[in-house]
Amino acid sequence: MLMRVFRSLMPHDGRFIERFCEHSRNVVGGAEAFRCMLAGNGDLDAHYAELCRFEDAADEVTRETVMAIHRSFITPFDRSQILDLTTSLDDTIDLMKEAGRRIRRYDITFTPQMLGMAECALRATVEIRDAMPLLGKLSSSVPRLTQMQQKVRAAENEADTLLDSGLRALFEGSGTAGQKLTVEKVYDLIEAVVDRCEDVADVIEGIVIEHV
């Protein structure tokens, strides 16, 4: 009883789950814009600007979350887990932006494998976004969160397969060594986007294990 009273008097912030949800919505928005870039749908620069807009919004949520961690005595999960989740979400959209920047700067020719990997990233981010509100009701959400983790990992495995196929075609094709290295870097960045989605799923798995 005394501990409950003590905790109630300590500074706390009940908006962590809300921020995770907002963060994941921004990541999905960025993934949609990134996928449109690689699909060649419309104005490349306009899609990149949209991606940057979502990345800026995600940065703002990250700043708010980090400040809340330092200001709050009570947090819904371990502080390191909150920071890991926030960082992984932010890294996901940061990597999209960097890939988009390189695509524009070096006028990269899109490949079916790149588009397929971007679609894997979009699927993974949508799964994460849809599951994020469930962090507020962990005990009743384990099956759905487990399903999310499985789908994100399946998307990551598919992206790895597409990466191997794309790199094989790249290095078997024509072009200078410098051009190939530039394209390879873009492949690696897109693959890293899906890897960060898996990192998000891993953090959520750890939260479930510790709190259910």
Revision key, fill the gap. Scanning the stretch 48-73 residue by residue, those small (Gly, Ala, Ser) and not in a loop (DSSP other than H, G, I, E, B) turn out to be Ala49, Ala57, Ala58, Ala68
Check your understanding: Condition test on Lys97, is it within 12 Å of the chain's Cα centre (by Cα) and either among the hydrophobic types (A, V, I, L, M, F, W, C) or in a helix (DSSP H, G or I) (or both)?
Key -> yes
Check your understanding: Quick check: is even one residue across the stretch 167-175 in a helix (DSSP H, G or I) and under 13 Å from Glu198 (Cα atoms)?
Key -> no
Study note, to complete from the structure: Scanning the stretch 124-171 residue by residue, those in contact (Cβ under 8 Å) with a residue 60 or more places away in the chain, over 14 Å from the mean Cα position of the chain (by Cα) and surrounded by 18 or more Cβ atoms within 10 Å (Cβ to Cβ) turn out to be Leu135, Leu145
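Looking for whichever is over 22 Å from Thr86 (Cβ atoms), modelled with pLDDT of 95 or more and part of a helix (DSSP H, G or I) here; the options are Ala121, Ala192, Ala131, Ala159. Which one fits?
Being over 22 Å from Thr86 (Cβ atoms), modelled with pLDDT of 95 or more and part of a helix (DSSP H, G or I) holds for just one of Ala121, Ala192, Ala131, Ala159, which is Ala159.
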Practice item. Would you confirm whether any residue within the stretch 173-185 is surrounded by 15 or more Cβ atoms within 10 Å (Cβ to Cβ) and either of a type in the set (Asp, Glu) or under 30 Å from Arg144 (Cα atoms) (or both)? Key: yes
Check your understanding: Only one residue in Glu50, Glu64, Glu98 is surrounded by fewer than 20 Cβ atoms within 10 Å (Cβ to Cβ) and either within 22 Å of Leu163 (Cα to Cα) or of a type in the set (A, V, I, L, M) (or both). Which one?
Key -> Glu98
Exercise for review: Within the stretch 62-121, count every residue that is over 23 Å from Asp195 (Cα atoms) and basic (Lys, Arg).
Suggested key: 2
**Study point:** Residue satisfying condition, being closer than 29 Å to Ile207 by Cα, out of contact with any strand residue (DSSP E or B) (no Cβ under 8 Å at 6 or more places or on another chain), of a type outside the set (Lys, Arg) and at pLDDT below 95, within set Asp59, Asp84, Asp78, Asp91
**Key:** Asp78
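To keep it simple, each residue is scored yes or no on (1) more than 18 Å from Ile108 (Cβ to Cβ); (2) more than 17 Å from the chain's Cα centre (by Cα); (3) crowded, with 20+ Cβ neighbours inside 10 Å.
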| position | (1), (2), (3) |
| --- | --- |
| Asp45 | no, yes, no |
| Glu60 | yes, no, no |
| His70 | yes, yes, no |
| Thr75 | yes, yes, no |
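The values are calculated or read from the model by the stated rules, or taken from the named source; none is laboratory data. Computed from a predicted model, the values in this text were never measured in an experiment. Using ideal geometry, Cβ is built from the backbone for each residue, glycine included, and neighbour counts are taken over all protein chains shown.
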